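Some notes on the structure that comes next.
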Amino acid sequence: ISGGREHVDSAPPDSPAAASESAMSPEVPRIAATLFFASPDGLALVPVLREVALGDGPVLQGRAILAAQLQSPPPPYGSVIPAGTQLRAFYVTERGDAFVDLSFETSALHMGGTSAELLAVYAIVHAVTVNLTTIQRVQILIDGREADTLAGHVDLRRPLVPDMSLVRAASNAP
């Protein structure tokens, strides 16, 4: 993402991610992962840097990145993925495709609308592909099954490639 700054943040102090971070020993290596949340006006995705534990290989790293992506965003950004959504599984094929299996809340509690659905789907796609450069495409599964759409608009029947036209550079927000 050129021409803009990325916001750097740790997990909110009251989040499950923060609890697991504080339980980790200081010797656990960490990386800065780029996560994607809604801009304050809700019209685009904004890259936000967050520290996550360094995973051993792309599968463990992907799980750590997605767990962080599912947490609440720092102010002033908004969440594009429904609260309560859990990562059920994450795996990678030899061809460089990733499969992200999310819990039923992702679809059942989604607010609806084409724009909101695009941002939710591509927050996941971008979090995986931007941070794991060997992964080119991402297929989203819901509750262990292939889904036609998340909320009626975005076709999830095939792996998706990144669409950076949905991303806006972060402002100078704290």
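The values are calculated or read from the model by the stated rules, or taken from the named source; none is laboratory data. Because the structure is a prediction, the values reported are computed rather than measured. Virtual Cβ from ideal backbone geometry, glycine too; neighbours counted across all protein chains shown. Quick note on the areas: whole protein, heavy atoms, side chains included, nothing else; ligands and nucleic acids left out. Shrake-Rupley method; radii C 1.70, N 1.55, O 1.52, S 1.80 Å.
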For region 45-67, does any single residue satisfy the condition of being in contact with a Gly (Cβ under 8 Å, 6 or more places away or on another chain), within 11 Å of A170 (Cβ to Cβ) and either open to solvent by 20 Å² or more (accessible area, probe 1.4 Å) or among the aliphatic types (A, V, I, L, M) (or both)?
no
In region 4-86, which strands (runs of 3 or more DSSP E) lie fully inside it and hold 1 or more residues that are out of contact with any helix residue (DSSP H, G or I) (no Cβ under 8 Å at 6 or more places or on another chain) and modelled with pLDDT of 90 or more?
30-38, 45-53
